Amino acid sequence: MWHFVLLIACAVAIYLACEWFVNAVEWLGRRLNVGKMAVGTILAAFGTALPESVVTLVAVTTGATPEAKDIGVGAAMGGPLALATVAYAATGAALLFKRRRDRKRVLAHAAVGSNEGGAVAAGERGEVITDPAEATRLAKDQRWFLYVFVFKVGLGLVAFAFKPWLGLVFFAAYAVYFWREMRGDNGPADGGDDEDELEPLKLQPKASSPATWAVVAQTLTTLVVIFFASQLFVHRLDAIGPMIGLPAAVTALLLSPVATELPEIMNAIIWVRQGKTKLALANISGAMMIQATVPSGLGLLFTSWSFSPALIWAGVMTMAAIVYLLVMMHFHKLTAGRLLLAGVFYVIFAAGLPILT
């Protein structure tokens with residue numbers, strides 16, 4: 001019982017810390033004068049993915065046994081899978097919930113004399129969540145991720161002498177992505193009017209322009225809380241798995257990745273709630289690029305990077321989810337409902353995992 005209580009407490013702590021983190025990171029982006037979308041793809045994604053990368057680094061460099069080192073390899077594969085499926089599905093669900101709530105609010109106003117309700121209620125069902133320009137930008141990120149991910153999965157199927165040194169290629173790939181995002185055109189065309197006004201910094205709620213030290217302090221403090229709460233959440237989940245009859249391997253590949261990506265999922269939900277869908281999607285795509293490169297580079301440098309059938313299955317489902325999303329973006333059919341369907345690939349992965357472990 002104590003494990004479940006602590007699990008819920010950690011989830012609440014992560015959510016509240018993410019509320020303060022997204023608030024701080026938007027102000028940090030303004031202080032650093034980076035584009036609006038780079039706030040999601042670089043600053044927020046890097047901040048929430050850093051704890052997971054540290055965990056991977058510790059696992060692959062200090063693991064006393066090959067099994068301990070394999071934890072880092074599993075994290076490098078499980079993270080992208082959770083982001084490509086569960087994170088996008090959670091964003092779709094949050095969008096559907098927000099639109100249903102907004103529709104009810106508008107219909108309530110219409111009942112007392114406004115004529116807006118019918119149009120809103122009719123127009124939002126099945127509404128495409130990205131315009132062509134936004135879909136093209138998101139698809140570009142996802143294609144970049146897919147190329148890197150296919151390469152890293154392919155390396156897990158072969159063995160040759162200089163393979164560990166290819167880990168440096170993954171660091172270089174992220175460096176190029178970082179450079180592109182920071183120099184890219186992320187101006188008003190990408191941000192939209194709804195993202196120009198920032199909420200007051202929670203640490204200085206009465207200041208129209210908070211002090212830089214307050215922005216940095218709030219960012220770093222929330223990251224520390226997210227890191228420790230996430231690690232405690234994962235450890236409690238690992239303890240609960242055997243209690244409910246799940247094998248350790250299944251817990252490690254099925255539940256732990258979702259737990260480690262919980263901050264990214266929370267960030268996306270918070271931004272959707274605030275009406276900043278573009279930032280929510282950018283945060284996920286940016287986190288996916290980090291997960292596809294940095295942990296993979298570490299794994300290649302410090303482990304044999306040899307994949308088990310379960311890891312290959314995780315890779316196949318990740319690629320299938322991304323191809324599905326790319327098709328939706330190509331035909332401009334990406335709605336909240338279709339985004340929610342990305343979660344089906346995680347269900348398929350879960351159904352096949354017991355057979356392979």
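The values are calculated or read from the model by the stated rules, or taken from the named source; none is laboratory data. Keep in mind that this is a model prediction, so the values were computed, not measured. Every residue, glycine as well, gets a Cβ built from its backbone with ideal geometry; the counts of neighbours run over all protein chains shown.
Of the residues in the range 27-37, how many are assigned to a helix (DSSP H, G or I) and surrounded by fewer than 24 Cβ atoms within 10 Å (Cβ to Cβ)?
Counting residues in the range 27-37 that are assigned to a helix (DSSP H, G or I) and surrounded by fewer than 24 Cβ atoms within 10 Å (Cβ to Cβ) gives 6.
Lys98: buried (at least 16 other Cβ atoms within 10 Å of the Cβ), among the charged types (D, E, K, R), within 25 Å of the chain's Cα centre (by Cα) and at pLDDT below 80, yes or no?
no
Of the residues that make up the range 288-295, is at least one touching a Lys or Arg at 6+ places or on another chain (Cβ under 7 Å) and in a helix (DSSP H, G or I)?
In the first step, residues of the range 288-295 are kept if they are touching a Lys or Arg at 6+ places or on another chain (Cβ under 7 Å); the result is 292.
From what is left, the residues that are in a helix (DSSP H, G or I) are 292.
Looking for residues that are touching a Lys or Arg at 6+ places or on another chain (Cβ under 7 Å) and in a helix (DSSP H, G or I), one finds at least one in the range 288-295, hence yes.
So, in the range 179-205, how many residues would count as being under 20 Å from the mean Cα position of the chain (by Cα) and modelled with pLDDT of 90 or more?
Of the residues in that region, 0 qualify.
Taking the range 64-81 as the search range and keeping residues that are of a type in the set (A, V, I, L, M) and over 13 Å from Gly315 (Cβ atoms), which one is modelled with the highest pLDDT? Reasoning before the result, please.
Taking the range 64-81 and keeping what is of a type in the set (A, V, I, L, M), we get 64, 68, 71, 73, 75-77, 81.
Filter once more, so that each one left must be over 13 Å from Gly315 (Cβ atoms): 64, 68, 71, 75.
Details: Ala64: 63, Ala68: 63, Ile71: 70, Ala75: 78.
That would be Ala75.
Look at Pro257 and say whether it is part of a helix (DSSP H, G or I), farther than 26 Å from Phe151 by Cβ and in contact with a helix residue (DSSP H, G or I) (Cβ under 8 Å, 6 or more places away or on another chain).
no
List the number of the failed condition for Ile265; all other conditions in (1) touching a Cys at 6+ places or on another chain (Cβ under 8 Å); (2) surrounded by 22 or more Cβ atoms within 10 Å (Cβ to Cβ) hold.
So Ile265 meets the others, but not (1).
Which ones in the range 321-357 are part of a loop (DSSP other than H, G, I, E, B) and crowded, with 17+ Cβ neighbours inside 10 Å?
Pass one, the range 321-357, residues part of a loop (DSSP other than H, G, I, E, B): 331-334, 341-342, 357.
Result: Leu334, Leu341, Ala342.
For the range 141-158, how many residues are without any contact (Cβ under 8 Å) to a residue 24 or more places away in the chain and among the small types (Gly, Ala, Ser)?
So the answer is 1.
Regarding the range 273-284, can at least one residue be identified that is hydrophobic (A, V, I, L, M, F, W, C), at pLDDT 90 or above, touching a Leu at 6+ places or on another chain (Cβ under 9 Å) and under 26 Å from Gly352 (Cβ atoms)?
The answer is yes, given that some residue of the range 273-284 is hydrophobic (A, V, I, L, M, F, W, C), at pLDDT 90 or above, touching a Leu at 6+ places or on another chain (Cβ under 9 Å) and under 26 Å from Gly352 (Cβ atoms).
The rows are residues; the columns are (1) β-branched (Val, Ile, Thr); (2) modelled with pLDDT of 75 or more.
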position	(1), (2)
Gly40	no, yes
Ala45	no, yes
Thr48	yes, yes
Thr62	yes, no
